[in-house]
Amino acid sequence: MRIIIYTGKGGVGKTSVAAATAVRLAKQGLRTLIMSTDAAHSLADSLDTTLGPEPVHVSDRLWAQEVDSVKQTEKHWGAVQGWLSGFMGWAKLDDVATEEMLVFPGMEELFSLMELKRHAAGGEYDAIVVDCAPTGETLRLLSYPSVLGWWVNKIFPVERRLIKLARPVAKLVAGGLELPDDNVMNSVESFVRELEALQEWIMDGDVTTVRLVVNPEKMVISEARRAFTYLNLYGFHTDAVVVNRIWPPEATGGYWTKWRTVQEKYMEEIEDSFGALPTFRIPMMESEVVGVPMLERLGDIAFEGSDVSAVLHRDKTQSIRKEGDGYLMELALPFVEKELLQLNQRGDELTVQAGPYKRKVVLPNLLLGRSIEGARFTDGRLVLRFGERQREHERAEEE
């Protein structure tokens, strides 16, 4: 089984790149499913066909699915929603507030990804391509099972017994308040177990990798850099960057020359930001990319000579772990001489430079307000030690 997850800022052409990858995988002989978990589905438009909440056969060895997040939410969260709705009614909240609180932010996308686990475990496909929502938040939510799993194993049994004992009393003394019954508690536990099973699939670097789609534009690159940082922080494996909509050399003349100059500048920034990750370049196509034939052509241009089913990069380029009162950040810096290393920390950005080689890293929140106290460089990996958080930063956060 091979799972490739595409993510990136909205409007970068992520769906087209994901679909082109799926078409190429099918062309390589793999039974391939491409599924969209984005609430604003555009996969059907990209493939120029009609899709639904279940896989639809598109072409030889290729299936596609636009996941129905509402259906998946009802499936995994229906019992909990029923109890929450009753509780909101008891609390006399208005209908709008009740509707908004029945599903927590990001959970619909998370429920949609449950379909990934179902298909991965089912064995009907050799490869699955996921066209994710245009944000890293969905992937960030997948770090929750480790916390939820601890809660289910340690705290949940105690809470469950207490609720069972308090249920008849609460109904009498709290004006008819119904505490969650066993069906609700079972649904919560089942949801967490399903999430843990999903995480096992997506955290296996031999099975699942994430690919970032970007355009050579400042805001797009900034968001991708942040996503890359958090993907590494939470242990997800990123194996490639796809740069889409690059103006071709034949685009010359005043207006086009200026755009090409700007893009060349940002192409250098992309190389600086993502280090050793393989980078694939896609020129601005001469016509709209719609339908399997055009997607096949796009895939041929983007991935010429490459096996898109392969894990294209295995070494984690960035990791963070706690040690004592501080944190250690480890960065992969191949072919760099120790004597040439220069570090510059400014706000939430860390720049590592050695001669012409430069890498920019957006620091996650847990490192903000912490200064570098030490560094060592061994076997092409730079390890930085960040000390205790400065009190001024802690006070600023509290305010």
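Below, the figures for the structure above:
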| item | result |
| --- | --- |
| Net charge contributed by nearby residues that have their C-beta within less than 11 Å of Glu223 (K/R +1, D/E -1) | +3 |
| Chymotrypsin sites (Phe, Trp or Tyr not before Pro) restricted to region 270-337 and DSSP loop, no more than 14 other C-beta within 10 Å | Phe335 |
| Gyration tensor (Cα) of region 229-330, equivalent ellipsoid semi-axes in angstrom | 33, 20, 10 |
| Interchain or long-range residues, amide H under 5 Å from Asp68's placed H | none |
| Chain lengthening between Glu269 and Ala375 when straightened (0.36 nm per residue, less Cα-Cα) | 35.7 nm |
| Order by protection proxy (mean Cβ within 10 Å, highest first), peptides 289-295, 3-9 | 3-9, 289-295 |
| Difference of contour (0.36 nm per residue) and Cα-Cα distance, Tyr255 to Arg31 | 76.2 nm |
| Calculated Rg and Dmax of region 206-278 using C-alpha coordinates, Å | 14.1, 47 |
| Range of Cα positions in region 318-398 per principal axis (Å), largest first | 42, 24, 18 |
| Using a Förster distance of 25 Å, the FRET efficiency for Asp204-Val383 (Cβ separation, nearest 0.05) | 0.45 |
| Likely footprinting exposure, Glu288, Glu54, Glu330, fewest C-beta neighbours within 10 Å first | Glu288, Glu54, Glu330 |
| Backbone HN-Hα couplings from phi across region 41-50 [Karplus 6.51/-1.76/1.60, Hz, Gly and Pro as x] | 4, 9, 5, 4, 5, 5, 7, 6, 8, 9 |
| Cα centroid separation - region 224-239 against region 1-28, whole Å | 18 |
| Over 22 Å between alpha carbons, listed pairs Lys9/Lys218; Lys265/Lys360; Lys27/Lys71; Lys14/Lys218; Lys14/Lys358 | Lys27/Lys71; Lys14/Lys358 |
| Least to most buried among Lys14, Lys360, Lys71, Lys265 (fewest other Cβ within 10 Å first) | Lys265, Lys71, Lys360, Lys14 |
| Amide H contacts under 5 Å for Ile3, placed H, 5+ residues apart | Ile128, Thr208, Thr209 |
| Check: region 318-398 dipole with +1 on Lys, Arg Cβ and -1 on Asp, Glu Cβ, in debye | 220 |
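Taken together, the values in this text are just the output of simple stated rules run on the coordinates, not laboratory data. These figures come from a predicted structure and were not determined experimentally. No Cβ is skipped: glycine too gets one built from the backbone with ideal geometry, and neighbour counts run over all protein chains shown.
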